[in-house]
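S.K.: Quick one: the structure is below, questions incoming.
The values are calculated or read from the model by the stated rules, or taken from the named source; none is laboratory data. Remember, predicted model here, so these are calculated numbers, not experimental data. Note that we place each Cβ from the backbone using ideal geometry, even for glycine, and neighbour counts take in every protein chain shown.
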Amino acid sequence: METLKFSTQNAKLDKRLIFSLPAGYTCPRAGVCRTFADKDTGKINDNPVGCSDSHKYRCFAAMAEARFPAVRKSRWHNQWLIREIRDTAVDTTKADIGIAELISKSMDKYPYRDIIRIHESGDFWFELYMKAWMNVAKERPQQKFYAYTKCLDTWYHLRNYIPDNFYLTASYGGQLDNYLIKFPEVYKRIAYVVYTEEEAEKLGLEIDHDDSHCFGDKPFALLVHGSQESESEAAKAIAQRRKERGFTGYGRK
């Protein structure tokens, strides 16, 4: 049985399992960050969707796929295996069971980690897939699972199915930002991408650099980073921070 591919760290995080899918292609509710890296060539296609008043910025995960063919290959491998189970299930309404089994068996091939980040890249691209991850979390109560998501409709549909060790953070700047206003009792953790530390301060938001805020109960900010379009406001903000010797991105150090 082929299994899914996980990583055990990235430039920002360590000591956890990290699962990824192709950026953009598996992000049905993406908005201002909507970016695609071609499956074969890695060529970047920017196709943002206007929504609310969020800043526009390139998806850092798509840029990693553009730069590293091995990363791109791994993420498409994961998407293909999940899609195959979904499309070949005898009872498609129960595809989450097979997907959950695949995820769990794949996790067993890696060193045990207390924390699992779902989607350094990608999102919950269909409802039974999100439910599958929740099934895995229910079977592994000693581990903590977390994810950022713009699929607020799927979250809402499954809001009464979420186990205690499964933490979702709403990612502002998607096509369904109106859900955050309509159902504030559901979406308490919200991540806002900001250009500067001053902007976060004006909004009364703490800046998260290690995903620790994903286990809290209030909104927080993320500083835009990664390779941005030349002359874009995001690129200018990063350049200014570099000039001031401030935060510009994450590295192995």
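S.K.: Out of (1) more than 29 Å from ASN135 (Cβ to Cβ); (2) within 19 Å of the chain's Cα centre (by Cα); (3) hydroxyl-bearing (Ser, Thr, Tyr), what's the single condition that is false for SER52?
M.R.: (2)
S.K.: Being in contact with a helix residue (DSSP H, G or I) (Cβ under 8 Å, 6 or more places away or on another chain), of a type in the set (Asp, Glu) and part of a helix (DSSP H, G or I) is true for just one of GLU65, GLU101. Which residue is that?
M.R.: Details: GLU101 fails: in contact with a helix residue (DSSP H, G or I) (Cβ under 8 Å, 6 or more places away or on another chain).
Going through GLU65, GLU101 in turn, the sole match is GLU65.
S.K.: Here's another thing I want to ask about it. Residues that are touching a helix residue (DSSP H, G or I) at 6+ places or on another chain (Cβ under 9 Å) and hydrophobic (A, V, I, L, M, F, W, C), at least 2 per element: which strands (runs of 3 or more DSSP E) completely within the range 17-59 meet that?
M.R.: On the way: elements: 17-19, 35-37, 44-46.
Strands (runs of 3 or more DSSP E) meeting the threshold: 17-19, 35-37.
S.K.: Follow-up. Among residues belonging to the range 231-253 that are acidic (Asp, Glu) and modelled with pLDDT under 80, point out the one that is nearest to ARG58 (Cα to Cα). Can you show your working first?
M.R.: Residues of the range 231-253 acidic (Asp, Glu): 231, 233, 244.
Filter once more, so that each one left must be modelled with pLDDT under 80: 231, 244.
Values: GLU231: 13, GLU244: 22 Å.
Among residues in the range 231-253 that are acidic (Asp, Glu) and modelled with pLDDT under 80, the one nearest to ARG58 (Cα to Cα) is GLU231.
S.K.: Among the residues that make up the range 101-115, is at least one of them closer than 30 Å to TYR179 by Cα and not aliphatic (A, V, I, L, M)?
M.R.: Among the residues of the range 101-115, not one is closer than 30 Å to TYR179 by Cα and not aliphatic (A, V, I, L, M), which makes the answer no.
S.K.: Still on this structure: Please go through the range 180-220 and give me each residue that is more than 15 Å from the chain's Cα centre (by Cα) and aliphatic (A, V, I, L, M), ordered by number.
M.R.: If the condition is that a residue be more than 15 Å from the chain's Cα centre (by Cα) and aliphatic (A, V, I, L, M), then LEU180, ILE181, VAL186, VAL194, ALA200, LEU203, LEU205, ILE207 are the ones that fit.
S.K.: Further question on the same structure: For residues that are farther than 21 Å from VAL186 by Cβ and at pLDDT 90 or above, scanning just the range 211-230, find the one that is surrounded by the most Cβ atoms within 10 Å (Cβ to Cβ).
M.R.: Let us first name the residues in the range 211-230 that are farther than 21 Å from VAL186 by Cβ, namely 212, 223-230.
Now restrict to residues that are at pLDDT 90 or above: 212, 223.
Details: SER212: 10, LEU223: 21.
Here the answer is LEU223.
S.K.: Being without any contact (Cβ under 8 Å) to a residue 40 or more places away in the chain and of a type in the set (Ser, Thr, Tyr) is the filter; apply it to the range 16-45 and report the residue that is surrounded by the most Cβ atoms within 10 Å (Cβ to Cβ).
M.R.: Of all residues in the range 16-45, those without any contact (Cβ under 8 Å) to a residue 40 or more places away in the chain come to 24, 34-45.
Add one more test, that the residue is of a type in the set (Ser, Thr, Tyr), and what stays is 35, 41.
Working: THR35: 25, THR41: 10.
If we take residues in the range 16-45 being without any contact (Cβ under 8 Å) to a residue 40 or more places away in the chain and of a type in the set (Ser, Thr, Tyr), then THR35 is surrounded by the most Cβ atoms within 10 Å (Cβ to Cβ).
S.K.: Here is a further query. Out of all the residues in the range 117-173, which are within 16 Å of PRO22 (Cα to Cα), surrounded by 23 or more Cβ atoms within 10 Å (Cβ to Cβ) and of a type in the set (Phe, Trp, Tyr)?
M.R.: Answer for the range 117-173, where residues must be within 16 Å of PRO22 (Cα to Cα), surrounded by 23 or more Cβ atoms within 10 Å (Cβ to Cβ) and of a type in the set (Phe, Trp, Tyr): PHE124, TYR129.
S.K.: While we're looking at this one, here's another question. Of all residues in the range 72-91, which are part of a helix (DSSP H, G or I), free of Cβ contacts under 8 Å to residues at least 12 places away in the same chain and of a type outside the set (D, E, K, R)? Walk me through it before giving the result.
M.R.: Of the residues in the range 72-91, the ones part of a helix (DSSP H, G or I) are 72-88.
From what's left, free of Cβ contacts under 8 Å to residues at least 12 places away in the same chain: 73, 80, 83-84, 87-88.
Selection gives TRP80, THR88.
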